[in-house]
1. If packing is taken as the average number of other Cβ atoms within 10 Å across a peptide's residues, how do 103-115, 211-223 rank, most packed first?
2. Would you list which lysines come within 25 Å of Lys107, measuring only between C-alpha atoms, while excluding same-chain residues fewer than 8 positions from it?
3. Starting from the 7 Å offset along Cα-to-Cβ, what nm value, one decimal, do you get for the label separation of Trp169 and Thr90?
4. Please work out how much length the chain gains when fully extended from Gln154 to Ala229, using 0.36 nm per residue of separation minus the C-alpha to C-alpha distance, in nm with one decimal.
5. Just grab the label-to-label distance for Glu114 and Leu180, each label 7 Å out from Cα along the Cβ direction, in nm (one decimal).
6. Quick check: pseudo-label points 7 Å beyond the Cα along Cα→Cβ at Gln162 and Met197, how many nm apart are they?
7. Convert each backbone phi in segment 218-227 into a coupling constant with the Karplus relation 6.51 cos²θ - 1.76 cosθ + 1.60 (shift: θ = phi - 60°), then list the ³J(HN,Hα) values in order as whole Hz, x for Gly and Pro.
8. Starting from the Cα of Lys170, draw a straight line to each of the lysines and keep only those under 27 Å, dropping any in the same chain fewer than 8 residues away.
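The values are calculated or read from the model by the stated rules, or taken from the named source; none is laboratory data. Worth saying up front: this structure is predicted, and the values here are computed from it rather than measured. All Cβ positions, even for glycine, are placed from backbone atoms using ideal geometry, and neighbour counts span all protein chains on display. Keep in mind that these areas ignore ligands, DNA and RNA; they rest on the heavy atoms of the full protein, side chains included. Shrake-Rupley method; radii C 1.70, N 1.55, O 1.52, S 1.80 Å.
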Amino acid sequence: MTREHRALGDLVERPFDRRRVVTPSPAQNLDLSELSDLAPELAATFATIASDIALVIDRDGIVCNVSFGGTPITPAGGDWIGRAWVDTVTGETRNKIEMLLEEVRSKGVSRRREVNHTSEAGTDIPMAYAAIRLGEDGPVVAAGRDLRAIAAIQKRFIETQQEMERGYWKHRQFESRYRLLFQVATDAVIVVDALTMEVVEANEAALGMFQWSAKDAPGQPAGAGIDAAFR
């Protein structure tokens, strides 16, 4: 058994102390250099239990290994091996990969960053990555989450919101035209509730004809002020 396997075994077999939970920063408290030779195995483990994809990146930013947690997020994922990681994403998110790699080199661990991978289908694949460095000169393991489901929900939410806004402004325009027509009409106009047969609103000409005030008109019987013979 190599010392790398012993180190990994120690991490797995070490008893869990419920009285004290420690979450040290890999960059400050843990030397993970002994696990550098196990980077592909660790990537496969991350992909299986905690992410949709895990990559092993060398010190030059080249993809050395690709592991999927289930169905590959893209058939071209295997073709990333030997390519620069930044070349697998869209132009507008290249700088995020560069910042992630710079951060993991200097601190040993990176924050979560969202990028878009290019695909042969022409549709970008949104992903969220966080990474850890295995030792000072060791490889980087980056675990990624597929954000397509979340992106689809966000897109649908935006479309629904836009549809509601269009409906709102359409209603406002209709209401404005109705209000303008209601106000400028020289004939008496009364709006009546079809169920209760009570006046909802009356224009100025109707108020003058029936001698109502704008405050008193709502709630009046529709036949109020009309001779019984003509109701």
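1. By packing density, highest mean first, the sequence is 103-115, 211-223.
2. Lys96
3. Placing both labels 7 Å beyond Cα along the Cβ direction yields 2.5 nm.
4. 20.8 nm
5. In this crude label model, Glu114 to Leu180 measures out at 4.2 nm.
6. 4.9 nm
7. With the stated coefficients, segment 218-227 comes to x, x, 5, x, 4, x, 4, x, 10, 4 Hz.
8. Hits, sequence-local ones excluded: Lys155.
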